[in-house]
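What follows is a set of notes on a single structure, which appears directly below.
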Amino acid sequence: MISNIKTFFFMKKYMKKIINSSNVPAPIGPYSQAVMANGFLFASGQIAINPQTDEIVLDSIEAETTQVMSNIKALLLEAGYEFQHILKTTIFLSDMNLFGKVNEIYGSYFEKDFPARETVAVKGLPKGVNVEISITAFKS
């Protein structure tokens, strides 16, 4: 009996919680917007889809990156996190020549103690976008 109670509390403490928000574009495949477990938040890559219109924002790389960061912000807020809780990001670019402009917009969302990050250029991204960003955050 005691063993079952310990197992129950262990499983409850470490169970994953799926995070979904209507303020973030709906997944375009079999994945969750984010998963929270034991204080960690693992967010799927966000692209520049406006969640109110379901339209892709491709006016400029600045507008595209701003939409991506807005989607990340909405997902963080839904889970009760903030940008200061982000530990690591991964930025995927369609062309490394976009790095400077993306980096400028991305950097404006952080005040200090920037997260770890890698940025990679890839051959293609979903829906023909130029930037996708995923995050891992932690809050105790």
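No lab work stands behind these numbers, since they all come straight from the coordinates. Note that the coordinates shown come from a computational prediction; the quantities given were computed from them, not determined experimentally. Quick reminder, even Gly has a Cβ in these numbers, built from the backbone with ideal geometry, and neighbours come from all protein chains shown.
Give the relative contact order (percent, whole number) for the chain; include only Cα pairs under 8 Å separated by 6+ residues. Normalised by residue count, the contact order of the chain is 28 percent. Here's the list of aspartates and glutamates a cross-link from K88 could span, going by alpha-carbon distance under 18 Å and ignoring same-chain residues fewer than 8 apart: E104, E111, D113, E118, E132.
Taking every DSSP helix (H) stretch of at least 4 residues in the chain, weighting each as -39,500 (n - 2.57) and dividing the sum by the residue count yields a mean residue ellipticity at 222 nm of -9500 deg cm²/dmol. Count the net charge of all other residues whose Cβ sits under 9 Å from the Cβ of E82, scoring Lys and Arg as +1 and Asp and Glu as -1. Computed value for this residue: +2.
Size descriptors for the stretch 16-138: radius of gyration and Dmax over Cα atoms are 13.4, 39 Å. With K and R counted +1 and D and E -1, the other residues having a Cβ less than 12 Å from that of V57 yield a net charge of -4. A protection proxy built from the mean count of other Cβ atoms within 10 Å ranks the segments 27-33, 39-45, 56-62, 95-101, most packed first, as 39-45, 56-62, 95-101, 27-33. Summing +1 for each Lys or Arg and -1 for each Asp or Glu among the other residues whose beta-carbon sits under 12 angstrom from that of G107 gives +1.
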